[in-house]
Amino acid sequence: MNAIHCASPPPAPFSLPPAKGGGIGSQGNRLFVFGVGFVGRYVSNRLLKQGWRVSGTCTCPVRKRELEMMGMHDSFLFDANKNELESLHTLKDATHVLISIPPLSGCLGDPLLTLHHKDLQSTLNHGNVQSLCYLSSTMYFCGAGVYGDCGGAWVDEDSAVNPATETAKARYAAEKGWQQLGCELDVPVNIFRLGGIYGCGRSAINTILQQKSLSIEQKMREMKLYTARVHVADIYQALCASFNLSSSSGRVYNVVDDNPAPREVVFDFARHLIQKRWPEKAIAFRAQDKAEDAEFSQKSRKIEGEKRVSNARIKKELGVRLLYPSYKSGLENILNSMYDNHSQLQ
Ligand SMILES: NC(=O)c1ccc[n+]([C@@H]2O[C@H](COP(=O)([O-])OP(=O)(O)OC[C@H]3O[C@@H](n4cnc5c(N)ncnc54)[C@H](OP(=O)(O)O)[C@@H]3O)[C@@H](O)[C@H]2O)c1
């Protein structure tokens, strides 16, 4: 069952800006993705199908080959800590840049900004960039003690930010750094603060089917009352909607679903879905999983500073209508896609 692959979820209903000049030639829309990981790959795949010219970076040859197979026009092996920007020859032509490389905590912070700020400035200054999109995280809204105990109050993009952990500080500094670069270039920068990302191949269903043990960090999150999460298809929707804005000086957007449920509840629902389709597999895993959870919760500390993250702005300003407003519809779609694909292989 571990080898089951997932069919693509339905395409987002957004109409994207037409490629300028009527095609994907030198005048067309060109996306450059720094760090084609889970989100970058999803977005790239869909924009390629819309006729965009897409290029991006990864750090290993196997991933590069996968990107080529997907149809990416130019993929580059690039480690921001080691390599220079000059090898990324399509960057200067990009109309849209998506930054998906996470910052490192500590003095290096965002490696692109720390090590390549000047090169980014000169490369993009003479280019065609219309929009910089930085993928950030809602995580610092829930670091212990950030806001004290707010009893699970809602926070939005205007709420005061006071990141407490080193990771959260690095993330916030990266947001500010990209906004600063946008000012220098006179290019709008949109910051997308993402909840926990899931989709086909990365979800509670996959974790259970692959019988993966949860990391300590995942188990800590499991103890929380509220975890913001978002299906990757809805991240794509928000990005596309921002591309469609005719005039914007750049905004911060929380990209999360409507239902910040506890992780434990989400896993219970995923087990329930699996159990309906593959009873033996789910029951066998449940016993093992529950025993580990019980052991962990005895050792774990209390999680403080819980928050619920509002998505009102993406609905109001970007007109996003979530494809997966709750983990329930998201997981159901993932399981159905797996099942359909599995049946076709039989
Ligand atoms: N996962 C979540 O639930 C979550 C939640 C909120 C926000 N975020 C953030 O949102 C962004 C997108 O998430 P994702 O899940 O799509 O991330 P992902 O799959 O981990 O992709 C990150 C990409 O960054 C690349 N990368 C990492 N360090 C690099 C470096 N030093 N130099 C060059 N490239 C580097 C990775 O390359 P290789 O894989 O080739 O090494 C990968 O392509 C990330 O910044 C992530 O931290 C994630």
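See the values below:
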item	result
Sequence ranges 262-272, 34-44, ranked by mean other-Cβ count within 10 angstrom, highest first	34-44, 262-272
Net charge of Cβ neighbours under 13 Å - reference L181; Lys, Arg +1; Asp, Glu -1	-3
Charge sum, other residues only, whose C-beta stays under 14 Å from G199's C-beta, Lys/Arg counted +1 and Asp/Glu -1	+1
Residue order, fewest to most surrounding Cβ atoms within 10 angstrom, among V129, V230	V129, V230
Stretch gain in nm, segment D258-D186, where the contour uses 0.36 nm per residue and the Cα spacing is subtracted	22.6 nm
Separation in nanometres of the label points that stand 7 Å from Cα toward Cβ, at N244 and K176	3.4
Residues whose placed amide H lies under 5 Å from that of V33, excluding near-sequence neighbours	S55, G56, T57, L98
Net charge of neighbours whose Cβ lies under 12 Å from the Cβ of H116, counting Lys and Arg as +1 and Asp and Glu as -1	-3
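Taken together, the values in this text are just the output of simple stated rules run on the coordinates, not laboratory data. Keep in mind the model is a prediction, meaning the values are calculated, not measured. Cβ sites come from the backbone with ideal geometry, for glycine too, and all protein chains shown count toward neighbours.
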